[in-house]
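The values are calculated or read from the model by the stated rules, or taken from the named source; none is laboratory data. A quick note: this is a predicted structure, and the numbers were derived from the prediction, not measured. When we count neighbours, we look across all protein chains shown, and the Cβ atoms used for this are built from the backbone with ideal geometry, even at glycine.
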Amino acid sequence: MKLPALALVLAVTLMALPVRAASDDAIDRRPRLHAPAAPTPWTIGFLRQLYVSGSGSDTAAGTQDAPLATIGAALARARSYGSGTEILVRDGIYREGELLVDFDGAPGQWNALRGFPGERPTIAGVASWQLVHLRGAYFLLEGFEISGSKLGSATSDGTPIRSRADLVAWGRRQGDCLATGENCGSGVYVEGYESRAVHHVVVRDNVVHDFPGAGIAANAADYLLIDDNVAHHNAFTSLYGHSGISVWHSRSMGEGPADEVRILVRNNISFANHQHVASTAIGIDHPTDGNGIIFDQNTAFDYPFRMRAENNIVFDNGGSGIHVYDSANVDLVNNTSCRNAAGESQNDGEIFANTSKGVRIFNNILLARPGKRINSNWSNTDLATGRNILFGTVAPELIGPGDRIADPRLAGVCTEPVVERFMPKAGSPAIDGAAEVHANASDQTGRAATRRRDIGAVERP
């Protein structure tokens, strides 16, 4: 099935790491998106509903009037049914450890775990390696705050965590990933099997934050949509090198046209993900990641189809904004990347490819942190780039046809996850500047271009 072209800082020192701010609550509890009944690009249907509420009982019928009490009980009930169960969770905080989805839906009979319409329930805690573990095909995860925060609590060895700086200081003292996962665990992990990919998975409209490992990660997946999420303050103490959003070791489940886009990362905001410890678990003595978005080692299973990142906003991450490493056939289009590379040892650029093939970089805004690279070009083949806005204090290392070295003149200063502040001001060189052959029809908010599409993730009306 082909995904259509959908119509769619200051260097952070340890002492500067904030205590959780009041503005974090506004981010994490943001209003739900007005979702279509069947999110594109696939037809998503259900045969039945199960309801969950903190006031329910796990021996109840699971109806809206007699809900279950835990998500784990609802998943067990859905597993017994097979395909076609939509689980709707009412507001509240659910601390249940790892939530494993290891059963498949079917075309038109998906399984889903969703926040009740208009509500954003919280799945909280850190499990051994991942909190929400998605291994089932035809599955939708939508509408949650997924929090790994330990602020205001203590670690398993009794260390009080009063701020994110306390967490980093504690993480730097750990020599390995703990069995509890509290220094390496991820928020959402989409994971395939040795025998096959996990496929037809949608992760949409979630806020995933404060996990020591990845915010949202996919391994050995195919037909994947990561859409309209916010990922922030993840990867702080990861010894493996995690990021806000990661697509890793993609694996094909079948044949198709070579130009088919089967993995799409769109409309996300990924910020303040920052690896503060060395990647010692992979034999490296310094931080390597903490990127906003990364497509990582997708040649491992010779994944033959195209992957695409579009309309994403990435800023203030420790690593790059968007990074393609050891991957092939990736399109990076109409993204806004601003003042990333906050890590002292990380200086590869806002958006770049490394040891990759067939990467296309078009219509993006790259606004670099003072003194850091705008972009770079390491050991790539068949790399195409153009119609990007490049701006910083260091000259760009890669300039393509139609690229402009100019201030993009954004409405804000790349410090808050407010979409409108990434809109170009009147007179910006980004306005009507996109290469139309690569451009998306609409921006991150769904706003369509009235003339020609602007460069970057946000269109000026």
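Which members of segment 355-371 meet the condition of being among the polar types (S, T, N, Q) and more than 14 Å from Asp331 (Cα to Cα)?
Thr355
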Suppose we filter Ser356, Ser337, Ser345 for residues that are out of contact with any Pro (no Cβ under 7 Å at 6 or more places or on another chain), under 20 Å from Ser379 (Cβ atoms) and hydroxyl-bearing (Ser, Thr, Tyr); which single one remains?
Ser356
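Would you list the strands (runs of 3 or more DSSP E) that sit entirely within segment 111-161 and hold 3 or more residues that are within 21 Å of Cys177 (Cβ to Cβ)?
Numbers: elements: 111-115, 122-124, 130-134, 139-142, 145-147.
By residue number, 130-134.
Tell me, yes or no, whether segment 139-147 has at least one residue that is of a type outside the set (S, T, N, Q) and surrounded by fewer than 18 Cβ atoms within 10 Å (Cβ to Cβ). Let's see the steps before the verdict.
Here is the first cut: in segment 139-147, the residues of a type outside the set (S, T, N, Q) are 139-146.
Within this subset, residues satisfying the condition of being surrounded by fewer than 18 Cβ atoms within 10 Å (Cβ to Cβ) are none.
Within segment 139-147, none of the residues are of a type outside the set (S, T, N, Q) and surrounded by fewer than 18 Cβ atoms within 10 Å (Cβ to Cβ).
Yes/no matrix, rows are residues, columns are (1) in contact with a His (Cβ under 8 Å, 6 or more places away or on another chain); (2) surrounded by 14 or more Cβ atoms within 10 Å (Cβ to Cβ); (3) charged (D, E, K, R):
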site: Ser379; (1), (2), (3): no, no, no
site: Glu397; (1), (2), (3): no, yes, yes
site: Gly402; (1), (2), (3): no, yes, no
site: Pro408; (1), (2), (3): no, yes, no
site: Glu420; (1), (2), (3): no, no, yes
site: Ala430; (1), (2), (3): no, yes, no
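Restricting to segment 356-375, name every residue that is within 17 Å of Asp296 (Cα to Cα) and part of a strand (DSSP E or B).
Keep residues of segment 356-375 that are within 17 Å of Asp296 (Cα to Cα), which gives 356-361.
Result: Lys357, Arg360, Ile361.
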Could you tell me which residue of segment 43-70 is farthest from Ser83 (Cα to Cα), considering only residues that are in a loop (DSSP other than H, G, I, E, B) and among the polar types (S, T, N, Q)?
Ser55
Check off (1) crowded, with 24+ Cβ neighbours inside 10 Å; (2) over 28 Å from Ala165 (Cβ atoms) for Lys357 and give me the number that stays unchecked.
(1)
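In the set Ala218, Ala214, Ala179, which member is in a loop (DSSP other than H, G, I, E, B), under 15 Å from the mean Cα position of the chain (by Cα) and under 21 Å from Gly97 (Cα atoms)?
Details: Ala218 fails: in a loop (DSSP other than H, G, I, E, B); Ala179 fails: under 15 Å from the mean Cα position of the chain (by Cα).
Every option except Ala214 fails the conditions.
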Within the set of pairs 6 or more residues apart or between chains, which connect a residue that is under 11 Å from Ser238 (Cα atoms) inside segment 267-293 to a residue that is acidic (Asp, Glu) and in a strand (DSSP E or B) with Cβ atoms less than 8 Å apart?
none
Could you tell me whether segment 28-51 includes any residue that is of a type in the set (Gly, Ala, Ser), surrounded by 14 or more Cβ atoms within 10 Å (Cβ to Cβ), within 26 Å of the chain's Cα centre (by Cα) and at pLDDT 95 or above?
no
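Could you list all residues from segment 376-399 that are modelled with pLDDT of 95 or more, part of a strand (DSSP E or B) and either touching a helix residue (DSSP H, G or I) at 6+ places or on another chain (Cβ under 8 Å) or within 27 Å of Val261 (Cα to Cα) (or both)? Quick ask: steps written out before the conclusion?
So the first thing to find is which residues in segment 376-399 are modelled with pLDDT of 95 or more, and the list is 376-377, 379-399.
In the following step, the residues that additionally are part of a strand (DSSP E or B) were identified as 377, 381, 384-386, 389-391.
Once the filter is applied, which keeps residues that are modelled with pLDDT of 95 or more, part of a strand (DSSP E or B) and either touching a helix residue (DSSP H, G or I) at 6+ places or on another chain (Cβ under 8 Å) or within 27 Å of Val261 (Cα to Cα) (or both), segment 376-399 yields Asn377, Thr381, Ala384, Thr385, Gly386, Ile389, Leu390.
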So the check is Cβ under 7 Å with 6+ separation or different chains; which pairs have a first residue in segment 409-420 that's closer than 17 Å to Asn273 by Cα and a second one that's modelled with pLDDT of 95 or more and among the hydrophobic types (A, V, I, L, M, F, W, C)?
Cys414/Phe315; Cys414/Cys338; Cys414/Leu367; Pro417/Val230; Pro417/Ile269; Pro417/Phe271
Pick from segment 221-248, criterion assigned to a loop (DSSP other than H, G, I, E, B) and closer than 24 Å to Trp110 by Cβ, ranking: nearest to the chain's Cα centre (by Cα)
Asn229
For residues that are part of a strand (DSSP E or B) and either in contact with a Pro (Cβ under 7 Å, 6 or more places away or on another chain) or among the hydrophobic types (A, V, I, L, M, F, W, C) (or both), scanning just segment 195-211, find the one that is nearest to Pro117 (Cα to Cα).
Arg204
Restricting the search to segment 249-287, which residues are buried (at least 18 other Cβ atoms within 10 Å of the Cβ), closer than 22 Å to Asp176 by Cα and not small (Gly, Ala, Ser)?
Asn273, His274, Gln275, His276, Val277, Pro287
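Looking at Ile313, Ile294 in this structure, which one is surrounded by 24 or more Cβ atoms within 10 Å (Cβ to Cβ), in contact with a helix residue (DSSP H, G or I) (Cβ under 9 Å, 6 or more places away or on another chain) and under 16 Å from Ile216 (Cα atoms)? So that I can check it myself, show each step before the final result.
Values: Ile294 fails: in contact with a helix residue (DSSP H, G or I) (Cβ under 9 Å, 6 or more places away or on another chain).
After applying the criteria, what remains is Ile313.
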Taking segment 152-190 only, how many residues are over 14 Å from Thr237 (Cα atoms) and surrounded by 18 or more Cβ atoms within 10 Å (Cβ to Cβ)?
3
By residue number, the members of segment 48-71 that are of a type in the set (A, V, I, L, M, F, W, C) and within 17 Å of Val101 (Cβ to Cβ) are Leu50, Val52, Leu68, Ile71
Yes/no for Gly456 being small (Gly, Ala, Ser) and out of contact with any strand residue (DSSP E or B) (no Cβ under 6 Å at 6 or more places or on another chain)
no
Can you find a residue in segment 103-112 that is farther than 18 Å from Gly45 by Cα, out of contact with any Gly (no Cβ under 8 Å at 6 or more places or on another chain) and either of a type outside the set (A, V, I, L, M) or at pLDDT 95 or above (or both)?
no
